[in-house]
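Shown next, in structure tokens, is the structure this report addresses.
The values are calculated or read from the model by the stated rules, or taken from the named source; none is laboratory data. These numbers come from a predicted model, not from an experiment. Here Cβ is always computed from backbone atoms with ideal geometry, including for glycine, and neighbour counts include all displayed protein chains. Keep in mind that these areas ignore ligands, DNA and RNA; they rest on the heavy atoms of the full protein, side chains included. Shrake-Rupley method; radii C 1.70, N 1.55, O 1.52, S 1.80 Å.
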Amino acid sequence: MGLALSTGATATVSDLWIRGTANRGLNIQLGASLMASRLAVTDTGEPSLFISGDGTTADLTDFYASRART
């Protein structure tokens, strides 16, 4: 897992490259919130981005995803 947020967690990141994970690159769920700029997710074993649950948000600027091996 590249970055996982759950149960109301909040994160702000920039200039981040997540690559070569065996599973998801980003996993945001259960009311968590992510603000990210200049984010790349590549070569993941599952979908690059997973967002789920009431109140969960992701504000992504300059987001790039490629080569998810699903």
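Which one is farthest from the chain's Cα centre (by Cα), of the residues in the range 13-34 that are open to solvent by less than 20 Å² (accessible area, probe 1.4 Å) and of a type outside the set (S, T, Y)? Steps first, answer last, please.
Restricting attention to the range 13-34, the residues satisfying the condition of being open to solvent by less than 20 Å² (accessible area, probe 1.4 Å) are 18, 21, 25-28, 32, 34.
If we keep only those that are of a type outside the set (S, T, Y) as well, we get 18, 25-28, 32, 34.
On the way: I18: 9, G25: 5, L26: 2, N27: 5, I28: 6, A32: 11, L34: 8 Å.
The qualifying residue farthest from the chain's Cα centre (by Cα) is A32.
The set of residues from the range 1-12 being modelled with pLDDT of 95 or more, loosely packed, with under 12 Cβ neighbours inside 10 Å and not in a strand (DSSP E or B) comprises just one member, T7. The residue that is least open to solvent (accessible area, probe 1.4 Å), among those in the range 35-61 that are of a type in the set (D, E) and under 19 Å from D15 (Cα atoms), is D43.
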